[in-house]
Amino acid sequence: MKHRNCHLLIGYWSRLRAGRDVPDQSEIDPRAIKRMLSQVFILDARDAARPFYRLAGTMLCDRFGLELRGTSFFAHWEAQARDRLVLLLRQSLQMKLPVWLSAIGTTANCAMIEMETVLAPLTSGPGAPQRFLGIVQFLGDFSQSGGRAIAYERLIESRMICEHEPLDQPQDPPPPPPCDSHHAARPPHLRLVISRDGPAPLQCDIDDPMRSLLAALEISRPAGQVR
C-alpha cells in the first residue's frame, strides 16, 4: 500500500476486531475516521459476483460522477477485471483478510490517475463476514482530469495485505554524476588566516570579475596578499 490513509484504515479495522477474526459493521464509529470519511464506503458482498455499495463518501460520489449507494461495485471496473475481482472478494471473506487493489482510473477525456482500493471484511450480525469496509485513495493530481469523472478502472495489481505492512518507500534519487577533476573549473574561494600578533590577512584565489568586485567595494588589502 502506498497511501497512509489505507494503512490507517487497516489499523482501525484491526483495533475494532480486538482479537476476533473480523469486526462487526455496527462497531464502526464515523468520528474515528472522520478525516477520510469522504473516501470510505461499505460494500455488501453477500453475493460476491454482485457486490453493491450500501454507503459511499461524498468525495467518491463526486469522483465517479454519481450517487454510488445501491450501485454495483463492478460498474466502474473494466469487464476483463471482474472475474478476478469476484475471486478476490471471495478469498478475502473466506480468509478474513483485507485485500488491496491497485488500478489506473481513466476519464472520458482519457486522463489517467493512479488509484488504490482497500477492502476489509466485516460481519453484519451473527454469521460469516459478508460486507467490506473500504477506501479509495487517489494517488495523483485529480485536477488533471479537467473535472471529468472516472469512467472506468483497470486493475493493475492485487494482493491480500497484512495489518502491519510498511509504507512503500520512495525511490532514492540517482547519485550526482562524478566530477572530472581534470576538466572541472576551480571556483573562486576565500581562506581566512587568523593571527594573534596582528590583523588577520585575507588570502584568496580570484579571477578578473572578483578583482573588479573587490575594487568596487573599495576593499583594501596588503600588497602580496592577493595572487
* Asked: Could you list, in sequence order, the residues of segment 119-135 that are touching a Leu at 6+ places or on another chain (Cβ under 6 Å) and in a strand (DSSP E or B)?
  -> A120, P121, L122, R131, F132, L133, G134, I135
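Kindly state which helices (runs of 4 or more DSSP H) lie completely within segment 1-113 and contain at least 2 residues that are of a type in the set (S, T, N, Q).
4-17, 82-95
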* **Long-range neighbours under 6 Å by Cβ, at least six apart or interchain, first residue buried (at least 21 other Cβ atoms within 10 Å of the Cβ) within segment 87-106, second in a helix (DSSP H, G or I)** => P98/I10; V99/L88; V99/S92
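From F41, F52, F74, which residue is in the same structural domain as M115 (by TED's automatic domain parsing), of a type in the set (F, W, Y) and more than 25 Å from the chain's Cα centre (by Cα)?
F52
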* Asked: Does F132 qualify as being surrounded by 19 or more Cβ atoms within 10 Å (Cβ to Cβ) and either closer than 12 Å to F41 by Cβ or out of contact with any strand residue (DSSP E or B) (no Cβ under 8 Å at 6 or more places or on another chain) (or both)?
  -> yes
* Asked: Considering only residues of segment 75-86 that are among the aliphatic types (A, V, I, L, M) and in contact (Cβ under 8 Å) with a residue 60 or more places away in the chain, which is surrounded by the most Cβ atoms within 10 Å (Cβ to Cβ)?
  -> L85
* Quick one: would you say S124 is in contact with a strand residue (DSSP E or B) (Cβ under 6 Å, 6 or more places away or on another chain), polar (S, T, N, Q), more than 19 Å from S14 (Cα to Cα) and touching a residue at least 12 places away in the same chain (Cβ under 8 Å)? -> no
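The values are calculated or read from the model by the stated rules, or taken from the named source; none is laboratory data. Because the structure is predicted, anything quoted here is derived from the model rather than measured. Neighbour counts run over all protein chains shown; Cβ positions are idealised from the backbone, glycine included.
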